[in-house]
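Have a look at the structure below, then the notes.
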Amino acid sequence: MSILGRSFIRSADLSGERIHSFFEYVLALKNEFNQHKNFDRLVQKDHRKVIALLFFEPSTRTRFSFEIAAKRIGIQTTTLDSAASTSLTKGETLIDTIFNICAMKPDALVIRHSGNKEVNDCIRDLKIPVINAGDGTDEHPTQALLDAFTILEHRPKKEKSKVLFVGDVKHSRVAQSDRRLFERLGFELGYTAPESLAPTEKEWSQARSFKTLSEGLAWCDVVMGLRLQQERYSGAEYIDLNSYIENYRLDYNSLQSLKADGLIMHPGPFVPEVDLSSDVLSDPRCVIHQQVENGVYVRMALLSEILGLRK
Ligand code: CP
């Protein structure tokens, strides 16, 4: 199924077969960039497309990645990255802000927001393609694509990769989107989390739950660290930080249990010395910065396909 002119809101919007053909295009873009530093053979660049990036929540990776991806293929961007610089400060609603920007007829919207049913309903009714750049605790589908692409790049013949999520699975939109996409790709899923941060949805019932990090690490091929999403806590999730660090932090000691050819991943941002110790970045199994690099090629491919620029 073509994604030309369509929105991309949920990671399950792509079938397993479609994901693989999409990843072939992502890989071609990556190879082309590394060999020629341009994409003239793969992307139509003689156009006047403009997209609006609306970030109602903070972002480093996703926002810059979309901007760089767009600009590399000749798409102009206009970005809202601080509510303080908009009429939201005068009482305009987020939905009215979105409708007004749509009235200026950008070719697509990229939206990050804190997760709100009314905003999601309004997005569904828009007449232009919308790409979800992170939506509360529910979805971050382009992160799921770049995570899956990075895993398959390292483990191309091993579709049954076992992926372990560690920590705040309950509030992580990355974990939700990853789960939906990874299941389509046939990955096996597991998690280890403090009781108050473990997932409660029945969709996680197929995933293996591990009592300890070392058991989970011994089982998995890929470990996905997650940030403690304390800004989303209601109060019921009291966490003793020292105990959390002792039991769930990915660091030199805990990662002794991960196999030699395992992958260490994290969607970022990570809280240094809490969910990840900084020395993990120099572990040869760590692919965190490759995830970030691949995010640009994934978003380039997505924009190119949705806006009809793919050659
Ligand atoms: N991974 C991710 O979404 O990071 P940002 O919040 O910095 O965009």
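The values are calculated or read from the model by the stated rules, or taken from the named source; none is laboratory data. Predicted model, so just to flag it, every value in this text is computed and none were measured. As a convention, Cβ positions derive from the backbone with ideal geometry for all residues, glycine included, and neighbour counts pool all protein chains shown. The area values use the complete protein model at the heavy-atom level, side chains included, leaving out ligands, DNA and RNA. Shrake-Rupley method; radii C 1.70, N 1.55, O 1.52, S 1.80 Å.
At a glance:
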item	result
Mean Kyte hydropathy of 0.0 or more with a Cα span along the axis of at least 15 Å, helices from DSSP in the chain	141-154, 288-306
Square roots of 5 times each gyration tensor eigenvalue, C-alpha, region 71-128, largest first, Å	20, 15, 11
From the C-alpha gyration tensor of region 123-218, square roots of 5λ in Å	24, 18, 10
GLU215, GLU17, reordered so the largest accessible area comes first (probe 1.4 Å)	GLU17, GLU215
Spacing of the two label points (7 Å from each Cα toward its C-beta) at ALA28 and LYS259, in nm	3.2
Where ARG41, ARG299 fall by accessible area, highest first, once all protein chains stay in place (1.4 Å)	ARG41, ARG299
Directionally averaged projected area (convex hull, Cα atoms, region 15-103), nm²	7.8
Sequence-separation-based contact order of the chain, relative, with Cα cut under 8 Å and 6+ spacing, percent	22
Point-to-point label distance, ARG41-ASP96, nm (Cα→Cβ direction, 7 Å offset)	5.2
Approximate spin-label separation SER278-LEU4, in nm, with each point projected 7 Å along Cα-to-Cβ	4.9
Accessible surface, 1.4 Å probe, highest first, among residues ILE111, ILE245, ILE68	ILE68, ILE245, ILE111
Probe 1.4 Å - accessible area at THR200, Å² to nearest ten	110
Ratio Rg/Rh [Cα only; Rh per Kirkwood] for region 202-311	1.05
Share, in percent, of DSSP beta bridges within the chain that are antiparallel, nearest 5	5
The chain - convex hull of the alpha-carbon atoms, volume per residue in Å³	138
Additional length obtainable on full extension of the chain from GLN76 to TYR233, 0.36 nm per residue less Cα span	52.8 nm
